[in-house]
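The values are calculated or read from the model by the stated rules, or taken from the named source; none is laboratory data. None of these values were measured; they are calculated from a predicted model. Cβ coordinates were reconstructed from backbone atoms using ideal geometry, including for glycine residues, and neighbour counts include every protein chain displayed. Each accessible area value is taken on the protein alone, full model and side chains, heavy atoms only, with ligands, DNA and RNA left out. Shrake-Rupley method; radii C 1.70, N 1.55, O 1.52, S 1.80 Å.
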Amino acid sequence: MIALPRSTFYYQPVAPVRECDDKKVCELIEAVQEEFPGYGYRRITHALRAQGYVINHKRIARIMKGSR
């Protein structure tokens with residue numbers, strides 16, 4: 001037997017988190033809205049998460065509300 005802890009054997013590396021400032025998020029939102037103009041904050045949140053960004057739906061809604 002190998003003398004390794006069980007946690008080492010089952011370890012799964014986590015992908016790096018892609019976080020950005022509000023200006024970058026605003027650009028990402030605009031890019032999604034150009035492609036899908038009818039999307040609200042919920043669908044935009046899901047679209048950005050599918051691209052690998054970790055962004056809270058409340059942050060998306062706040063930025064969209066301020067950019068009217």
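General observations
- Residue check, Ile44 of a type in the set (Val, Ile, Thr), in contact with an Asp or Glu (Cβ under 7 Å, 6 or more places away or on another chain) and in a helix (DSSP H, G or I): no
- Of the residues making up region 14-46, those that are within 15 Å of the chain's Cα centre (by Cα) and among the acidic types (Asp, Glu) are Glu19, Asp21, Asp22, Glu27, Glu30.
- Selected residue (criterion: least open to solvent (accessible area, probe 1.4 Å)) from residues of region 46-68 that are in contact with a strand residue (DSSP E or B) (Cβ under 7 Å, 6 or more places away or on another chain) and not aromatic (Phe, Trp, Tyr): Gly52
- Test: residue in region 4-14 that is assigned to a helix (DSSP H, G or I) and among the charged types (D, E, K, R): yes
- Restricting region 1-45 to residues that are open to solvent by less than 100 Å² (accessible area, probe 1.4 Å) and among the β-branched types (Val, Ile, Thr) leaves a set whose member that is farthest from Lys58 (Cα to Cα) is Thr8.
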